[in-house]
Amino acid sequence: MSDKVKRTDVNTLGEFGLIDHLTKTNEAKHPSTLLGVGDDAAVLDYGGKPIVVSTDMLLEGIHFDLMYCPLKHLGYKSVAVNISDICAMNALPRQITVSIAISNRFSVEALDQLYEGIYTACRNYDVDLVGGDTNSNLKGLVISITALGTNQKEKLTYRSGAKPGDILCVTGDLGAAYLGLQILEREKQLWQSNPAIQPDLEDQAYLIGRQLKPEARTDMVKLFDKAGLIPTSMIDISDGLASEVLHICKASGTGALVEEAKVPLKDEAQLMALKFKLDPITCALSGGEDYELLFTADPKDLPIIRTMPGIFIIGEMTDANQGVNLQTVNGNIHEITAQGWKHVG
Ligand code: ADP
Ligand code: MG
């Protein structure tokens with residue numbers, strides 16, 4: 001047969017290239033669709049307050065490992081990571097739906113644990129669980145959650161609103177969740193090679209907690225409102241600082257300069273990075289799962305930001321032609337790439 005069907009490996013596009021490819025002809029028909037694909041959440045308006053919608057799927061073996069992730073934590077984290085996308089729009093969550101697919105490996109008691117975590121998150125983030133779907137799966141556990149939230153239209157923040165000269169800020173320390181994962185993976189491997197060895201996680205509670213129990217920053221959305229700050233753009237840090245800065249720059253048509261010395265890393269994270277022979281800044285840039293908010297603000301709002309606890313100014317937005325760069329502690333400039341950064345010239 002000579003008529004070969006063209007077959008392109010999805011890896012040639014990568015995750016973001018694939019989303020772009022699949023959605024390039026997608027058009028919104030309804031005036032109620034204020035914003036479609038491309039941000040942390042879609043924005044819908046049926047009159048009155050806009051509705052912000054985001055969905056995320058977590059797969060066993062890809063996003064979580066039940067060897068070291070207790071089901072209760074998993075339930076909590078599944079909700080938190082979805083709500084984080086609502087926060088990234090400067091909105092507060094109101095409802096979630098939860099869909100699960102389960103193999104017969106899971107008992108009712110195990111699923112009760114999962115839902116204990118889900119309900120705890122619903123209480124903590126003040127959201128209602130309003131529906132979902134339950135399916136069987138040949139292997140493993142799949143959890144898909146959709147979160148809905150709202151805020152006044154003029155307070156919503158998009159990835160696309162940054163301007164050159166804006167300051168670039170983050171709401172907390174980075175890299176810890178990735179290092180927590182490295183510790184859990186190391187202990188898993190040690191245990192697999194010798195089940196008699198008990199994991200030694202005692203003094204790593206902070207790093208492991210950042211991996212297993214991330215929080216969505218609804219408190220920051222409330223703080224922005226109280227302080228009277230509307231960020232010019234915002235995204236949540238799920239894939240690592242590098243990837244998220246690039247998303248804001250691409251959507252806003254700007255460049256950025258991140259100062260390594262200003263990127264917040266806890267001492268625990270710095271020390272653990274060195275133990276793993278990793279560069280601490282690389283953990284912040286490429287690690288991911290910190291679920292802090294990365295936002296830009298008009299420099300005129302600097303006095304407000306200075307009064308707000310827990311905000312770190314890590315750089316500024318520049319013209320697109322200046323590129324997206326990291327200034328290292330030694331003063332060298334490196335181009336930031338999705339994988340972290342690479343040397344320029
Ligand atoms: P996040 O990391 O904030 O969850 P993603 O990188 O998963 O965002 O998705 C980026 C954007 O692409 C979002 O607007 C999302 O809704 C959209 N998207 C992702 N996958 C698909 C898909 N298969 N079809 C349509 N839109 C998608
Ligand atoms: Mg996001």
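The values are calculated or read from the model by the stated rules, or taken from the named source; none is laboratory data. Computed from a predicted structure; not experimentally measured. Every residue, glycine as well, gets a Cβ built from its backbone with ideal geometry; the counts of neighbours run over all protein chains shown. Just so you know, the surface numbers come from the protein's heavy atoms only, side chains and all, with ligands and any DNA or RNA stripped out. Shrake-Rupley method; radii C 1.70, N 1.55, O 1.52, S 1.80 Å.
Brief remarks on what is shown
- Complete set of residues in segment 83-137 that are among the hydroxyl-bearing types (S, T, Y) and within 22 Å of A41 (Cβ to Cβ): S84, T97, S99, Y125
- Selection count where residues are open to solvent by less than 90 Å² (accessible area, probe 1.4 Å), under 20 Å from I96 (Cα atoms) and away from ligand 2 (no atom under 16 Å from the Cβ), scope segment 7-47: 3
- Listing of helices (runs of 4 or more DSSP H) fully contained in segment 256-309 that carry 3 or more residues being outside the structural domain of G331 (by TED's automatic domain parsing): none
- Hey, D173 free of Cβ contacts under 8 Å to residues at least 60 places away in the same chain and in the same structural domain as L302 (by TED's automatic domain parsing) or not: no
- From Y291, Y178, residue being over 30 Å from K155 (Cα atoms) and within 16 Å of ligand 1 (Cβ to nearest atom): Y178
- Looking across segment 70-100, the residues that are open to solvent by 10 Å² or more (accessible area, probe 1.4 Å), more than 12 Å from ligand 1 (Cβ to nearest atom) and assigned to a helix (DSSP H, G or I) come down to L71, K72, H73, Y76, K77.
- The lone exception for N104 - which of (1) farther than 23 Å from A177 by Cα; (2) within 16 Å of ligand 2 (Cβ to nearest atom); (3) modelled with pLDDT under 95 it fails: (2)
- Cβ-Cβ contacts under 8 Å between residues 6 or more apart (or on different chains), taken from a first residue in segment 325-340 that is within 18 Å of L278 (Cα to Cα) to a second residue that is part of a loop (DSSP other than H, G, I, E, B) and open to solvent by less than 40 Å² (accessible area, probe 1.4 Å), are listed as H334/T328; G340/G240.
- Given (1) within 16 Å of K155 (Cβ to Cβ); (2) within 16 Å of ligand 1 (Cβ to nearest atom); (3) among the basic types (K, R), number of the condition K226 does not satisfy: (2)
- Annotation note: of S99, S144, the sole residue that is within 16 Å of ligand 2 (Cβ to nearest atom), modelled with pLDDT of 95 or more and of a type in the set (G, A, S) is S144.
- Counting residues in segment 243-254 that are over 28 Å from T55 (Cβ atoms), more than 16 Å from ligand 1 (Cβ to nearest atom) and not β-branched (V, I, T) gives zero.
- Within segment 48-59, being closer than 18 Å to S238 by Cα, open to solvent by 50 Å² or more (accessible area, probe 1.4 Å) and either among the polar types (S, T, N, Q) or more than 14 Å from ligand 2 (Cβ to nearest atom) (or both) holds for T55, L59.
- Selection within segment 8-34: residues that are of a type in the set (V, I, T) and farther than 30 Å from Y46 by Cβ. The member of this set that is nearest to ligand 1 (Cβ to nearest atom) is V10.
- Filter pass, R123 being of a type in the set (K, R), farther than 28 Å from K226 by Cβ, in a helix (DSSP H, G or I) and open to solvent by 10 Å² or more (accessible area, probe 1.4 Å): no
- Count of segment 221-242 residues which are open to solvent by 10 Å² or more (accessible area, probe 1.4 Å), touching a helix residue (DSSP H, G or I) at 6+ places or on another chain (Cβ under 8 Å) and assigned to a helix (DSSP H, G or I): 2
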